[in-house]
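Undergrad: Before I ask anything, here is the structure I am working with.
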Amino acid sequence: MKTVNIMIVGVGGQGSLLASKLLGHLLVKEGYDVKVSEVHGMSQRGGSVVTYVRFGDKVYSPLVSEGEADYIISFEKLEAARHLPMLKIGGQIIVNTQQIDPMPVITGAAEYPQDVLDEIKAKGVKVDAVDALSLAIEAGSVKAVNIVLIGRLSNYFDFDKQLWLQAIEETVAPKFAQMNKKAFLLGRGEK
Amino acid sequence: MKKLLIGNAALARGLYEAGVKVVSSYPGTPSTEITEFAAKYDEIYCEWAPNEKVATEVAFGASLGGARSACAMKHVGLNVAADPLFTLSYTGVRGGMVICVADDPAMHSSQNEQDSRHYAISAKVPMLEPADSSEAYSFAKAAFDISEKFDTPVMIRTCTRIAHCQSIVDIGERAERDLIPYEKQPAKYIMMPGYAKKKHPIVEERTKALTEFAENCEFNKVFFAENSDMGIVTSGTCYQYVKEVFGDSISVFKIGMINPMPIQALKDFANKVKRLIVVEELDPVIETHLRNIGLKPEGKSLFSNIGEFSQADIKKVLLDKSEENINTDTAIPNRPPVMCPGCPHRGIYYVLAKMKLTVLGDIGCYTLGATPPLNALDSTLCMGASVSGIHGFNKARGEDSQKNTVCVIGDSTFMHSGMTGLVNIAYNASNSVVIILDNSITGMTGHQQNPTTGYNIKGDPAAKVNLEELCHSLGINRVRVVDPYDLASCESAVKEELAADEPSVIISRRPCMLLKYVKAKPALKVDADKCRSCKSCMRLGCPAISIKDGKAVIDATQCAGCAVCKQLCKFDAIKEGV
């Protein structure tokens, strides 16, 4: 099979590391070769963060380059736009409609482009927009945005729902398992 | 058993299985997790040392004591550890010893992108360079055999894309090892001129033997493609990019032992390909070796020596191809890292910026005080340089600068290499004001304990350095503590100490907001009727505060309730939450 490239992008502190951990866990169990690239350190402090997940028969590079991403999961609207050049032609964006102002916007040095998702759609890009923050709150925690979006992503793969739920159980702390499973199902569009 | 591990966890597993007994390190991105994962194994004694020099010397001591030992650091940490490294090359080891160093091409979280391979060559120490987690694991194990066989410390060099990338590792079991009996060997371990002169030729002979070993060693892998048009010599993460682009269609010489490199094996490879190309990030280390042995490779004439590569760079340079993509027409505002809501550094920085002081800075989360809107820093060089630097600055500029210059340094950085600078201030008498930003943790690298926190790497209670008493002992009479959430008292403290006729230390003390035991207070609220849109609160650069429809708004999901913004509002529009 051809290697599948997933990018998880967002704002430092939004929990993209857990999302990639969960994905990696599931993909290894399914027998794929997997590489996951994370960035720790300074950018985790509220900066723009990027995680790459690649899987297939044999994966060499841990990175995804411009025009290579099959899926971009964006935890924030502006970040989807920032990383649009990474998307493969015909690729899919899954985006949390939440707006988190970056510092240049807060200080007034720049403006937040409100209509940026419409602009992306107008270019013919497939955009699956979801209010993941509201669904996460419905599931029980604002911190579950990451799992809501994983739930959304699961719609695009053939893996059985039980495999995803099991992967959640095996990667999150036991006391948060139930809440995260609910977040996953809400993201997937199930109750 | 197959597991998906980041390179650092795989390396730690390799150390564990090799029977390592002692690991000492100072945290530094991207190397930190090596030691954190090693600390999860009860069979290994692990610690955070105050700095990389201490860590390396601890590992040396453990090796001298007959145990297998290791230390880990980031590339700039190796500068600090360079002193023991160069002479360790002469003494050699008793128990096997491994020095792990993680480079950061593209400076994801660093102040420079130096290439650690130069150190191995310069110190004449073998260096291995794994290309994924599986190799990080197996090379770590094998490194100890080389260390003991050739009587030398062995370096393992990774980079961000190895250290922080997960790939599959097939792990094994730990082989427990008995301590090698201690034996007094002055000629081997006392490096004074008489003994050291006898050791240097042995080091040179060792390099020859290692070069011989490199000709056929398990770490270097050669693949010949049917088509002999192009042959690439590469190593580490670059190997993965090359394979991603070319698969098995070209010949590849993958170097796993970067020092010393083989001679004949590389000549043989070069003879079988029409075009010889080196793909390596940063400096032309492999390329220089190939030239030294009489080959004529293309390398830095094609590829940059700045930043990190990806498969796209290889494709662009060697195939002149790139993937189609789409861009937005709208300009996308940058999203630089920021100090967190409730960060204790923000208050003191606000005061320093307001007073328009010259501020010599240091390495840590608090380097972010340099960014807008605070713009509070004037310099950041290396660990500890703020304290030594302010002394030089004041000596050069005299009384004028002493009244409007301070330096800031974190608690962990002060332990690392700020103390010696403070001794210099006291001893050589400059009227400098040193502000220790004590947030009770090593923050930027992800919350590691340090000698001021009262806990060790396992989270168990440990001796706690009393910063006030320490500064007194180092010769500073004026030492005071302020709460960075209290702007008025911070300002008066800074004013008083700048006016004083002797050096002083201000400890700005409040734990990092992200620490589990620190509880956020209820979010503050803006009374929109009272807000006059003066934007005073915006000068803090707090991510929780923004302006919506002309009025300040506080994001309740982000606000930590520190109430620093409340102190700036002249119209009493910001209310404490309930």
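The values are calculated or read from the model by the stated rules, or taken from the named source; none is laboratory data. Keep in mind it's a predicted model, so treat the numbers as computed, not measured. Cβ: placed from backbone, ideal geometry, glycine included. Neighbour counts: every protein chain shown. Note: accessible area is taken over every heavy atom of the protein model, side chains too, but ligands, DNA and RNA are not part of it. Shrake-Rupley method; radii C 1.70, N 1.55, O 1.52, S 1.80 Å.
Undergrad: Considering only the stretch B:227-261, state which residues are in a helix (DSSP H, G or I) and of a type in the set (Ser, Thr, Tyr). Break it down into steps so the answer makes sense when it comes.
TA: First, the residues of the stretch B:227-261 that are in a helix (DSSP H, G or I): B:236-246.
Correct list: B:Thr237, B:Tyr239, B:Tyr241.
Undergrad: Looking only at the stretch B:353-370, count how many residues are closer than 14 Å to B:Gln402 by Cα and among the β-branched types (Val, Ile, Thr).
TA: Of the residues in the stretch B:353-370, 2 are closer than 14 Å to B:Gln402 by Cα and among the β-branched types (Val, Ile, Thr).
Undergrad: Tell me, which residue of the stretch B:523-554 that is more than 14 Å from chain A (Cβ to nearest Cβ) and in contact with an Asp or Glu (Cβ under 7 Å, 6 or more places away or on another chain) is most open to solvent (accessible area, probe 1.4 Å)?
TA: Top of the filtered list is B:Lys530.
Undergrad: Out of the residues in the stretch B:556-578 meeting the condition of being out of contact with any strand residue (DSSP E or B) (no Cβ under 7 Å at 6 or more places or on another chain) and free of Cβ contacts under 8 Å to residues at least 60 places away in the same chain, tell me which one is most open to solvent (accessible area, probe 1.4 Å).
TA: Within the stretch B:556-578, the first condition is being out of contact with any strand residue (DSSP E or B) (no Cβ under 7 Å at 6 or more places or on another chain), and the residues that meet it are B:556-564, B:567-572, B:576, B:578.
Checking the rest, the ones that are also free of Cβ contacts under 8 Å to residues at least 60 places away in the same chain come to B:556-557, B:569-572, B:576, B:578.
Working: B:Ala556: 71, B:Thr557: 95, B:Cys569: 33, B:Lys570: 153, B:Phe571: 67, B:Asp572: 77, B:Glu576: 110, B:Val578: 172 Å².
Checking each candidate, the answer is B:Val578.
Undergrad: Next question. Taking the conditions exactly as written (open to solvent by 10 Å² or more (accessible area, probe 1.4 Å), under 22 Å from B:Thr557 (Cα atoms) and over 35 Å from the mean Cα position of the chain (by Cα)), does B:Ala520 satisfy them or not? Spell out the reasoning first.
TA: Working: open to solvent by 10 Å² or more (accessible area, probe 1.4 Å): yes; under 22 Å from B:Thr557 (Cα atoms): yes; over 35 Å from the mean Cα position of the chain (by Cα): no.
Criteria not met by B:Ala520.
Undergrad: Say we look at the stretch A:14-32 and pick out the residues that are open to solvent by less than 30 Å² (accessible area, probe 1.4 Å) and of a type outside the set (Ser, Thr, Tyr); which of these is nearest to the other protein chains (Cβ to nearest Cβ)?
TA: Initially, the stretch A:14-32 is screened for residues open to solvent by less than 30 Å² (accessible area, probe 1.4 Å), giving A:15-16, A:19-20, A:22-24, A:26-27.
Of the ones still in play, those that are also of a type outside the set (Ser, Thr, Tyr) are A:15, A:19, A:22-24, A:26-27.
Details: A:Gly15: 13, A:Ala19: 13, A:Leu22: 11, A:Leu23: 10, A:Gly24: 5, A:Leu26: 10, A:Leu27: 8 Å.
Out of the qualifying residues, it is A:Gly24.
Undergrad: Looking at (1) farther than 22 Å from B:Tyr349 by Cα; (2) hydrophobic (A, V, I, L, M, F, W, C); (3) open to solvent by 10 Å² or more (accessible area, probe 1.4 Å); (4) not in a helix (DSSP H, G or I), can you tell me which one B:Val481 breaks?
TA: (1)
Undergrad: Quick one: which residue in B:Lys300, B:Lys296, B:Lys354, B:Lys316 is modelled with pLDDT of 95 or more and within 10 Å of chain A (Cβ to nearest Cβ)? Before the answer, list the steps.
TA: Working: B:Lys300 fails: within 10 Å of chain A (Cβ to nearest Cβ); B:Lys296 fails: within 10 Å of chain A (Cβ to nearest Cβ); B:Lys354 fails: within 10 Å of chain A (Cβ to nearest Cβ).
Just a single option satisfies the conditions, and that option is B:Lys316.
Undergrad: So which of A:Glu119, A:Glu138, A:Glu111 is within 11 Å of chain B (Cβ to nearest Cβ) and in a helix (DSSP H, G or I)?
TA: Working: A:Glu138 fails: within 11 Å of chain B (Cβ to nearest Cβ); A:Glu111 fails: in a helix (DSSP H, G or I).
Exactly one of A:Glu119, A:Glu138, A:Glu111 is within 11 Å of chain B (Cβ to nearest Cβ) and in a helix (DSSP H, G or I), namely A:Glu119.
Undergrad: Here's a follow-up. Tell me, please, whether a residue that is within 30 Å of A:Ser65 (Cα to Cα), more than 31 Å from the chain's Cα centre (by Cα) and open to solvent by 20 Å² or more (accessible area, probe 1.4 Å) can be found in the stretch B:332-350.
TA: No: zero hits.
Undergrad: Identify, from the list B:Thr420, B:Thr413, B:Thr371, B:Thr367, the residue that is buried (at least 19 other Cβ atoms within 10 Å of the Cβ), out of contact with any strand residue (DSSP E or B) (no Cβ under 9 Å at 6 or more places or on another chain) and either of a type in the set (Ser, Thr, Tyr) or more than 20 Å from B:Pro451 (Cα to Cα) (or both). Spell out the reasoning first.
TA: Working: B:Thr420 fails: buried (at least 19 other Cβ atoms within 10 Å of the Cβ); B:Thr413 fails: out of contact with any strand residue (DSSP E or B) (no Cβ under 9 Å at 6 or more places or on another chain); B:Thr371 fails: buried (at least 19 other Cβ atoms within 10 Å of the Cβ).
Criteria check complete, one pass: B:Thr367.
Undergrad: Give the residues of the stretch A:72-103 that are at the interface with another protein chain (Cβ under 8 Å from one of its Cβ atoms) and surrounded by fewer than 18 Cβ atoms within 10 Å (Cβ to Cβ), sorted by residue number.
TA: Hits for the stretch A:72-103 are A:Pro85, A:Ile89.
Undergrad: Looking only at the stretch A:37-60, which residues are aliphatic (A, V, I, L, M) and either within 13 Å of the chain's Cα centre (by Cα) or open to solvent by 10 Å² or more (accessible area, probe 1.4 Å) (or both)? Steps first, please.
TA: To start, the set of residues in the stretch A:37-60 that are aliphatic (A, V, I, L, M) comprises A:39, A:42, A:49-50, A:53, A:59.
Residues satisfying the conditions are A:Val39, A:Met42, A:Val49, A:Val50, A:Val53.
Undergrad: Would you pick out the residues in the stretch B:375-385 that are surrounded by fewer than 22 Cβ atoms within 10 Å (Cβ to Cβ) and not β-branched (Val, Ile, Thr)? I'd like the intermediate steps shown before the answer.
TA: Within the stretch B:375-385, the first condition is being surrounded by fewer than 22 Cβ atoms within 10 Å (Cβ to Cβ), and the residues that meet it are B:375, B:378-382.
Residues satisfying the conditions are B:Asn375, B:Asp378, B:Ser379, B:Leu381, B:Cys382.
Undergrad: Yes or no: B:Ser109 modelled with pLDDT under 95 and in the same structural domain as B:Ala140 (by TED's automatic domain parsing)? Before you say what the answer is, go through the steps one by one.
TA: On the way: modelled with pLDDT under 95: yes; in the same structural domain as B:Ala140 (by TED's automatic domain parsing): yes.
Yes: the conditions hold for B:Ser109.
Undergrad: Does B:Asp329 fit the bill of being at the interface with chain A (Cβ under 10 Å from one of its Cβ atoms) and surrounded by fewer than 17 Cβ atoms within 10 Å (Cβ to Cβ)?
TA: Numbers: at the interface with chain A (Cβ under 10 Å from one of its Cβ atoms): yes; surrounded by fewer than 17 Cβ atoms within 10 Å (Cβ to Cβ): yes.
Yes, satisfied.
Undergrad: Taking the stretch B:82-101, which residues are charged (D, E, K, R) and crowded, with 23+ Cβ neighbours inside 10 Å? It would help to see each step written out before you state the result.
TA: Step one: list which residues in the stretch B:82-101 are charged (D, E, K, R), which gives B:83, B:94.
Residue satisfying the conditions is B:Arg94 alone.
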